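Heads up: the structure comes next, in C-alpha cells.
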Amino acid sequence: MKDKILTYFTKINRWKKKYKIGVSNGCFDLLHKGHLYSLRQSKKFCDKLIILLNSDNSVKKLKGAGRPIQNVKLRKKNLLNSKLVDYVIIFDDLTPFKLIKKLRPDYLFKGSDYINKKIVGKNYVKSYGGHVKVLKNLKNISTTKILLRSKQNR
C-alpha cells in the first residue's frame, strides 16, 4: 500500500506543476445528488479534484454499526465514474490531515454543514497561501437522512 501511495504523490506532484489542485474528503457512503452538486461546485475552482476517501474501517468508527453501506472499492468506483473526480486516495485514519499535509492542495473544500465545525487541515492550507472553500450544500440531502427516510418507508 505504501508503494501505491508514493506513486499517487509522484503523479499528483507532476499535476501540481501545471494545474490547480483541489481536495475534499469524506465517506461518500451513498453517492447522491448532494455529493454530485458539491463535486461540481468544487470543480469550478480547480483543474484536478482529488477525493480523500475514508476506508471502510474509518467509516465504521465515524458513523457506527451498519456503515458503510457500500464498500470502499464501490465508493471509489462511483466517485471516479462521476467524471468530476480525477483521483481518489483511500485513508484509514479518522481524519485526512496527514494526506492534506503531504498533498498541499491549492484548495480544500468542505460542505456548508461544516460552517460551525472544525475543518481538518484548514489552518495548514491557509498557512502556505492555499484556499479553503466552504460550499453550499443542498438542503435536506445526506446519506444519514436518506437512510432515515428509507427506514420510515418500510
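The values are calculated or read from the model by the stated rules, or taken from the named source; none is laboratory data. Just so we're clear, the structure is a prediction, and the values are computed from it rather than from any experiment. For neighbour counting, all protein chains shown are included, and Cβ atoms are generated from backbone atoms with ideal geometry for every residue, glycine included. All accessible areas refer to the heavy atoms of the entire protein, side chains included, with ligands and DNA or RNA removed. Shrake-Rupley method; radii C 1.70, N 1.55, O 1.52, S 1.80 Å.
A few comments on the model shown:
- Residue selected from the range 93-123 under the condition modelled with pLDDT under 95 and among the acidic types (Asp, Glu), by the criterion nearest to Lys73 (Cα to Cα): Asp93
- Residue check for Ser127: touching a Ser or Thr at 6+ places or on another chain (Cβ under 7 Å) and polar (S, T, N, Q): no
- Taken across the range 69-89, residues that are acidic (Asp, Glu), over 15 Å from the mean Cα position of the chain (by Cα) and under 29 Å from Ser127 (Cα atoms) do not occur at all.
- Within the range 12-69, the residues that satisfy the criterion of being modelled with pLDDT of 90 or more, in a helix (DSSP H, G or I) and open to solvent by less than 20 Å² (accessible area, probe 1.4 Å) are Ile12, Leu39, Ser42, Ser58, Val59.
- Selection count, the range 112-131, where residues are open to solvent by 30 Å² or more (accessible area, probe 1.4 Å) and either under 18 Å from Lys20 (Cα atoms) or in contact with a strand residue (DSSP E or B) (Cβ under 7 Å, 6 or more places away or on another chain) (or both): 10
- Test: residue in the range 100-111 that is open to solvent by less than 70 Å² (accessible area, probe 1.4 Å) and free of Cβ contacts under 8 Å to residues at least 60 places away in the same chain: no
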